[in-house]
Amino acid sequence: EETITVADCAIRVMRGGSGPTMMYLHGANSVPGWAPFLQTLAADFDVIVPEHPGFGDTEDPPWLDNIHDEAYFYLSLLEQLDLRDVHLVGMSLGGWLAAEIAVRDASRLASLTLCGPSGIHVKGVPKGDMFIWSPEELARNMVHDPALAEKMLAHDKTPEEEHIQLRNWRTVALLAWQPRLYDPHLYKWLPRIKVPTHIIWGDDDKLLPPVYAEEWQKLIPGSGVTILENCGHLMHIEKPDAFAAAIADGARA
């Protein structure tokens, strides 16, 4: 773990493993630690996990107003670290962010993997709304397995965890409050993505229904889709082994 400063913003970065470079962009819940799926990926990849500006313990930069600012920040990070042939992976909000990065400049990318990404809107297909769900509804709607939801609800957060969660949600609201969880212009530019792209989705995603995977595949030429069975939105928590395997397969394709 180290601290890296880009654009006058210091962020926490975890890194482990060896092999081709893989950067994982987290979703709304930040990066509490080196999760099991990251350890699995680190067996074959040099895995880099930054914490986005405004999330977790990172700083609140004065320039952060929207998802585009985050995308330009990461382009600067890739340049500053002189990373090349990067397998860029994004989960949920991080998937949206990864797509915003790729449409701007994919010259340092070897592949793109989008895991249940927000970022687009499919007309006539209602999404879940995590901003209005109660804590209990959120837990139950983010996973397929009711027992896992019960386990999540039974966890008593420490004051530090509560503080970080509030910071995370504040930044998520800044980036995705209106329009809800998407950029109305992104879909127009997704065909610019020319690197091999893999889309991963849970078959019981109640936040972003699996039909969204089909729409992403239509918008990104040549992209492929993997659907994880009996899995909700939090694939990295509910199906960590299958999730890691799907990411690795996409990077190797």
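The values are calculated or read from the model by the stated rules, or taken from the named source; none is laboratory data. If you're wondering where the values come from, they're calculated on a predicted model, not measured in any experiment. Ideal geometry is used to build each Cβ from the backbone, glycine not excepted, and the neighbour counts take in all protein chains shown. All accessible areas refer to the heavy atoms of the entire protein, side chains included, with ligands and DNA or RNA removed. Shrake-Rupley method; radii C 1.70, N 1.55, O 1.52, S 1.80 Å.
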Discussion item. Would any residue of segment 19-42 have its amide N under 19 Å from a label point 7 Å out along Cα→Cβ of H163? List them or say none.
Written reply: 29-33
Discussion item. What number comes out for accessible area per residue over segment 157-221 if the probe is 1.4 Å? Units Å², please.
Written reply: 54
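Counting DSSP beta bridges with both partners in segment 1-117, what percentage is antiparallel, nearest 5?
Numbers: 9 of 22 bridges.
Roughly 40 percent of the beta bridges in segment 1-117 run antiparallel, per DSSP.
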Fill in: Hits among lysines - C-alpha to C-alpha of K239 under 19 Å, sequence gap 8 or more where chains match
K151, K206
Discussion item. Test of understanding: what is the full-extension gain from E229 to T5, defined as 0.36 nm times their sequence separation minus their Cα-Cα distance?
Written reply: 76.7 nm
Practice prompt. List the relative contact order of the chain as a percent without decimals, with contacts defined as Cα pairs under 8 Å and 6+ residues apart.
Written response: 20
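Carbon and sulfur together cover what percent of the accessible area of segment 108-253 at a 1.4 Å probe radius? Kindly include the intermediate steps, with their values, before the conclusion.
Details: 4150 of 7340 Å².
After summing per-atom areas, the C and S share lands at 56 percent.
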Item to complete: Give K194/K218; K188/K218; K127/K157; K123/K188 a once-over and call out the pairs whose C-alpha atoms are over 18 Å from each other.
Response: K127/K157
Practice prompt. Label the chain by shape, choosing from rounded, prolate and oblate, from the square roots a ≥ b ≥ c of the eigenvalues of the Cα gyration tensor; if a/c is under 1.5 it is rounded, and otherwise prolate applies when a/b is larger than b/c, oblate when it is not.
Written response: rounded
Response to the item:
The percentage of the accessible area of segment 9-52 (probe 1.4 Å, all protein chains present) made up of carbon and sulfur atoms, to the nearest whole number, is 55
Worksheet item: Roughly what % antiparallel, to the nearest 5, for the DSSP beta bridges in the chain?
Response: 30
Worksheet item: In the chain, which whole DSSP H runs stretch at least 15 Å along their own axis (Cα) and average -1.0 or higher on the Kyte-Doolittle scale?
Response: 67-80, 93-104, 159-176, 240-252
Fill in: R0 of 35 Å, Cβ-Cβ distance K188-D156: FRET efficiency to nearest 0.05
0.20
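Highest first, please rank the peptides 50-60, 66-76 by the mean number of other Cβ atoms sitting within 10 Å of their residues.
Values: 50-60: 20.4, 66-76: 18.0.
Per-residue mean Cβ counts within 10 Å order the peptides as 50-60, 66-76.
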